[in-house]
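The values are calculated or read from the model by the stated rules, or taken from the named source; none is laboratory data. Given the structure is predicted, the values throughout are model-derived calculations rather than measurements. Note that we place each Cβ from the backbone using ideal geometry, even for glycine, and neighbour counts take in every protein chain shown.
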């Protein structure tokens with residue numbers, strides 16, 4: 001089965017590194033990721049809550065320290081898992097909304113993804 005990936009800038013800007021997330025096309029993790037993304041796109045208050053959580057965590061943790069980056073990721077887990085559970089129960093990602101290419105560079109903007 002083909003793989004899908006998303007590339008996002010690493011917190012360690014000085015090294016100009018990127019982290020890459022690779023998931024199986026059509027697999028459970030792709031479904032979770034797309035459900036989370038789509039649900040936040042349609043529920044602005046929750047998207048802003050997630051943004052604020054990320055900003056708060058970023059001010060508390062050293063961006064160039066590997067342990068802090070992992071703590072940052074772990075600290076978001078409860079929020080993400082809660083939203084994914086709600087989104088999947090409500091039918092996200094929506095049928096017909098799955099992208100035919102899932103490759104995006106994460107920035108302050110929503111990624112541009114073509115839908116089927």
For the condition out of contact with any helix residue (DSSP H, G or I) (no Cβ under 8 Å at 6 or more places or on another chain), free of Cβ contacts under 8 Å to residues at least 12 places away in the same chain and closer than 30 Å to residue 95 by Cα, what is the one hit in 56, 78? 78
Being surrounded by fewer than 15 Cβ atoms within 10 Å (Cβ to Cβ) and under 14 Å from the mean Cα position of the chain (by Cα) is the filter here, so list the residues in the stretch 50-68 that pass it. 51, 54
Any idea which of 29, 42, 49 is in contact with a strand residue (DSSP E or B) (Cβ under 8 Å, 6 or more places away or on another chain) and at pLDDT 85 or above? 29
Residues of the stretch 22-40 satisfying the condition of being exposed (fewer than 13 other Cβ atoms within 10 Å of the Cβ) and in a helix (DSSP H, G or I): 28, 29
